[in-house]
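Okay, structure first, notes after.
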Amino acid sequence: MTKQKTEFKITLTKKAAEKILDISKQEKKEGYGLKIYVFPGGCAGFQYGMDFEKKPDKTDKTVEQHGVKLFIDKDSVDFLKGVKIDFVDSLQGSGFKIDNPNVTKTCNCGSSVC
């Protein structure tokens, strides 16, 4: 029996893509990709990070949606499989919202995951 390779999937909403393109323009980083990664920290164990990068590292997974290039850190790929990234703008505040089906728990402050 052969192992099937699981396809990496990440979803970026149109609203999130528009916000990323707007921010990249404001920061004079048009044409850059957005690197997404998970790093140790916070009360639940891990936090998300995002930075503009001119090009991906050799080991990054690259995905493009709605005109935005996403570079996924190789150490974060398994943790980020199936994630949906949206941008929320409400009375409670605005920011990127990451829905991750791999998360088993979150902290009360909402800034870290496990």
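Restricting the range 73-108 to residues that are in contact with a strand residue (DSSP E or B) (Cβ under 7 Å, 6 or more places away or on another chain) and of a type in the set (Val, Ile, Thr), the residue that is modelled with the lowest pLDDT is Thr106. Out of the residues in the range 57-71 that are at pLDDT 95 or above and aliphatic (A, V, I, L, M), which is farthest from the chain's Cα centre (by Cα)? Among those that are at pLDDT 95 or above and aliphatic (A, V, I, L, M), it is Val68. Glu18 passes all but one of (1) of a type outside the set (Gly, Ala, Ser); (2) without any contact (Cβ under 8 Å) to a residue 40 or more places away in the chain; (3) exposed (fewer than 15 other Cβ atoms within 10 Å of the Cβ); which number fails? Single failed check for Glu18: (2). Taken over the range 21-36, the criterion of being over 11 Å from the mean Cα position of the chain (by Cα) and touching a residue at least 40 places away in the same chain (Cβ under 8 Å) is satisfied by Leu21 alone. A single member of Lys55, Lys74, Lys84 is surrounded by 11 or more Cβ atoms within 10 Å (Cβ to Cβ), part of a loop (DSSP other than H, G, I, E, B), in contact (Cβ under 8 Å) with a residue 12 or more places away in the chain and out of contact with any Gly (no Cβ under 9 Å at 6 or more places or on another chain), and it is Lys74. On inspection, Phe39 does not qualify as free of Cβ contacts under 8 Å to residues at least 40 places away in the same chain, buried (at least 16 other Cβ atoms within 10 Å of the Cβ) and in a strand (DSSP E or B). In the range 87-100, of all residues being in a loop (DSSP other than H, G, I, E, B) and more than 13 Å from the chain's Cα centre (by Cα), the one that is farthest from Gly49 (Cα to Cα) corresponds to Leu91.
The values are calculated or read from the model by the stated rules, or taken from the named source; none is laboratory data. These numbers were taken from a predicted model, which means no experiment stands behind them. Cβ: placed from backbone, ideal geometry, glycine included. Neighbour counts: every protein chain shown.
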